[in-house]
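Below: the structure, in structure tokens.
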Amino acid sequence: MLFILLFFFLSCEDKKKNEVLFMLNKWSDKEVVFPSNIAFTILGGDTVDFPTPKKYNILTYVDSLGCLSCKLQLNKWKQFINEIETTKEDSVQYYFFFVSNKKGILNLLKSSSFSFPVCIDEEDRVNKLNNFPKEMAFQTFLLDNDNKVIAMGNPILNPQIKELYLRIIGGKVMRSENESKLINTKVHIEKTFISLGEFDWKKEREVTFILQNAGNTPLVIQEVNTSCGCTSVSYSEKPIDVGHRLRLQVTYKAEHPGYFDKAITVYCNVIQSPIKLRINGNAE
């Protein structure tokens, strides 16, 4: 079934693959249960009716651990929803469940002009009913009109899962594993970790990661994700010829003083994709 095909979009070690496959089998065709009398609001205003299920339904759950803005990625969700609407109008419903400080969530919703209904589930009721996976990457689900799981994985964090969701929603036949991949190349990275040291938290800091195409075919960057909105990346989107180098310019702008450790995830046509890069430092 389509759900199991998600496994082939995950690049990880054998042990991790076994864990993921076990989780996929556990959640395949499982019905997600919603709490009774649950309240949805738009930008913290009056409550709205519970979103009516449609042919496809996307549920995303965000727990209270870690950086809230990093987890929500509201602007990326807006972009993804817009892509879906241009693919298959009015065939998808969205269920956003956020478990965290209500004031902090409302501030982020308003600053991002996120006008979709959300549930600020301070008692974590939806998770208690369903016992969602602990990993953020697997706390998003594509459901059918009976709220049964068709696929799982966060399309905002992984472009291959995003492609999977779009293809299922668009009613397209899934490609085989070989057809869905670009021809792999090899990449040499001078550094995968850079420390920014100590600096004034009000000032931006920039560093550059260098990726050299050491294979026999062009290097294609599919997407670059960061673990927080305070970290941005700029790079050339053109294929990198054999022997040439790609510069990933990473900019960090602290939201407040303190130590930080941020990840940059690069999806590209190499066997070890996604490539994990990291920066840390102390913004004083």
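The values are calculated or read from the model by the stated rules, or taken from the named source; none is laboratory data. This one's a predicted model, so the numbers in the text were calculated from it and none came from an experiment. Using ideal geometry, Cβ is built from the backbone for each residue, glycine included, and neighbour counts are taken over all protein chains shown.
Given the criteria buried (at least 16 other Cβ atoms within 10 Å of the Cβ), part of a loop (DSSP other than H, G, I, E, B) and outside the structural domain of F260 (by TED's automatic domain parsing), does F80 qualify? Judged against the criteria, F80 is not a match. Total residues in the stretch 1-54 satisfying the condition of being touching a helix residue (DSSP H, G or I) at 6+ places or on another chain (Cβ under 8 Å), modelled with pLDDT under 70 and in a loop (DSSP other than H, G, I, E, B): the figure is 2. Tell me yes or no: at least one residue of the stretch 27-41 is surrounded by 15 or more Cβ atoms within 10 Å (Cβ to Cβ), among the aromatic types (F, W, Y), farther than 27 Å from S112 by Cα and within 23 Å of the chain's Cα centre (by Cα). Yes, the stretch 27-41 contains at least one residue that is surrounded by 15 or more Cβ atoms within 10 Å (Cβ to Cβ), among the aromatic types (F, W, Y), farther than 27 Å from S112 by Cα and within 23 Å of the chain's Cα centre (by Cα).
Residue count for the stretch 202-246 satisfying the condition of being closer than 13 Å to N269 by Cα, in contact with a Cys (Cβ under 7 Å, 6 or more places away or on another chain) and either part of a loop (DSSP other than H, G, I, E, B) or aromatic (F, W, Y) (or both): 1. Quick one: in the stretch 83-119, of everything that is among the hydroxyl-bearing types (S, T, Y) and part of a helix (DSSP H, G or I), which residue is farthest from P51 (Cα to Cα)? Result: S111.
If you check S111 against the conditions, is it modelled with pLDDT of 85 or more and more than 16 Å from the chain's Cα centre (by Cα)? If you could, list the steps in order and put the result at the bottom.
Values: modelled with pLDDT of 85 or more: yes; more than 16 Å from the chain's Cα centre (by Cα): yes.
Against the criterion (modelled with pLDDT of 85 or more and more than 16 Å from the chain's Cα centre (by Cα)), S111 qualifies.
A search for C-beta distances below 9 Å between a residue of the stretch 107-124 that is assigned by TED's automatic domain parsing to the domain that holds N82 and any residue that is assigned to a loop (DSSP other than H, G, I, E, B) and among the acidic types (D, E), counting only pairs 6+ apart in sequence or on different chains, returns P117/D49; D124/D63. Against the criterion of being touching a residue at least 24 places away in the same chain (Cβ under 8 Å) and either more than 26 Å from V20 (Cα to Cα) or exposed (fewer than 14 other Cβ atoms within 10 Å of the Cβ) (or both), V62 does not qualify.
Identify, please: which residue in the stretch 197-224 is within 25 Å of the chain's Cα centre (by Cα) and without any contact (Cβ under 8 Å) to a residue 60 or more places away in the chain and is, among those, farthest from H244 (Cα to Cα)? Top of the filtered list is E204. Whenever a residue of the stretch 225-245 is modelled with pLDDT of 90 or more, its partners that are in a strand (DSSP E or B) and surrounded by fewer than 16 Cβ atoms within 10 Å (Cβ to Cβ), lying with C-beta atoms within less than 6 angstrom and at least six residues away or across chains, give the pairs S234/Q249; R245/I210.
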